[in-house]
1. Where q = 0.17, 0.27, 0.30 Å⁻¹, what log10 of I(q)/I(0) comes from the Debye formula for the stretch 214-259, counting one point per Cα?
2. Binning at 10 angstrom from zero up to the longest distance, how are the C-alpha pair distances of the chain distributed in percent?
3. What relative contact order, as a whole-number percentage, does the chain give when Cα pairs under 8 Å and 6 or more residues apart are counted?
4. So which of LYS49/LYS162; LYS49/LYS119; LYS49/LYS140; LYS43/LYS140; LYS74/LYS162 end up more than 21 Å apart, counting from Cα to Cα?
5. Counting only helical runs of four or more DSSP H residues, what would the 222 nm mean residue ellipticity of the chain come to if each run contributes -39,500 (n - 2.57) and the total is spread over all its residues?
6. I'd like the FRET efficiency for LYS218 and GLU94, computed as 1/(1 + (r/R0)^6) with the beta carbon distance as r and R0 of 56 Å, rounded to 0.05.
7. Of MET110, MET67, MET347, which has the largest mean-square fluctuation in a 10 Å C-alpha GNM of the chain?
8. How large is Rg/Rh for the stretch 240-336, to two decimals, with Cα atoms and a Kirkwood Rh?
Amino acid sequence: MQTILAFIVVFGSLVFFHELGHFLLAKRAGIMVREFAIGFGPKLIGINKGETLYTVRLLPLGGYVRMAGEDFDKVELQPGHRIGLLLDREGRAERIVLNQNDRTPDMLYMEVEKADLEKELYIDGYDEEERRVRYPVSRKAIISEKGADTLIAPYDRQFESKSLGARSATILAGPLFNFILAFFIFVILGLIQGIPQDDPIIADVTDDGPAIAAGIEKGDRIVSVDGREVGTWNGFSAIIQDSPGDELTIGVERAGTVEEVSVTPASIDVEGQTIGQIGVLYEPQYEKNTLGTISYGAEQTWFWFKRIFQLLGMLVTGQFTIEALSGPVGIYQATGAVAQAGIFNLMNWAAVLSINLGIMNLLPLPALDGGRLLFFGFEALRGRPIDKQKEGMVHFVGIMLLMVLMIVVTWNDIQRFFF
């Protein structure tokens, strides 16, 4: 139960802030947001507020913001449709009822000849006495069909009507909010726990690692590796992990003097990735510094941003295989393990996951935010948008490929953790 709750809180928070970024920038640009959803699949909870439906859905594996004008959003009145209209005080249609069988007082009935519910906002047709009539449509008119109400979206409230800059900002806001969330989590950790000093000081040495064989001792301060100055434990750890099997010359400060030792990190396999280890332990010391938490949050966000990009580069260049990737099952298992280590570790894990989610969504792949931004880039170069049918086909193929990748990664997770 602890693992389930930790996963729901962590993953749900990351998805919420990601979609919140899209939502706020869409509202700022004047785009109508039909639905703000956390999760996919059948609806569990739905609350209508204003023009937006806020929902929580069954599968907590993502979320979405459905904006007016996107696929399957438009409602068109075709010639021959028989509809009912309720008019406001200005004589504008404020409710358009489709498939109306019962006679309702004050409702006007007509057969549609032509209509425009986006730009000119009118309905033209014939009333019950076969007279040609034309009614203006309110910008806030509601279409009612089979008991479901849908607010019409005038063209200037649709996503595609906005400038390239406004559309790009709306899409970019999702990943950006993930980075902002990570920054604030690190700041909160700094305020509550203190700022880890990250000094490259050896807290202890294992009995059987390369470090003890080279003469490294507890309390030693690492000052350099292969002539490069080392100022932080994270920097030192990254060098060691990236150098399995490579002989390194490490500068060690002990009792005020510096000496150099040669160490060859052992090669360790971690979930399909080979990393280096020398058998030393680290124990961070924390310092309370309210003003320093801002720079600490920025430094940690930037550090993990670079680190995740490095890992992606290693995946692309084949330095580790797809088997090292984790999907929802792997994240679930890891979240449970981190949760057992305490709330601070869980918060740190959430921040790293948030950065990872932001970066993954920025990849220029179809169906992801980065893929949409790529098409906006083509639009900027061409001076006109890509054909929507062609773009939709590319995104559809991208979704299918991502689904296949998700299935493969999930199967690897199941094999790794349960068999």
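1. Debye intensities relative to I(0), on a log10 scale: -0.46, -1.13, -1.29.
2. Result returned by the calculation: 4, 16, 22, 21, 14, 10, 6, 3, 2, 0, 0.
3. Once divided by the residue count of the chain, the mean separation gives 14 percent.
4. Going by Cα-Cα distance, LYS49/LYS162; LYS49/LYS119; LYS43/LYS140 fall outside the 21 Å limit.
5. -14000 deg cm²/dmol
6. Numbers: r = 78 Å, r/R0 = 1.39.
About 0.10, to the nearest 0.05.
7. Looking only at MET110, MET67, MET347, the biggest GNM fluctuation is shown by MET110.
8. Values: Rg = 17.5 Å, Rh = 16.8 Å.
Computed over Cα atoms, the ratio is 1.04.
Readers should treat all values here as calculations from the given coordinates under stated rules, not as data from a laboratory. Values in this document were obtained by computation on a predicted structure and should not be read as measured data. Don't worry about glycine lacking a Cβ; one is built from the backbone with ideal geometry, like all the others, and counts go over all protein chains shown.
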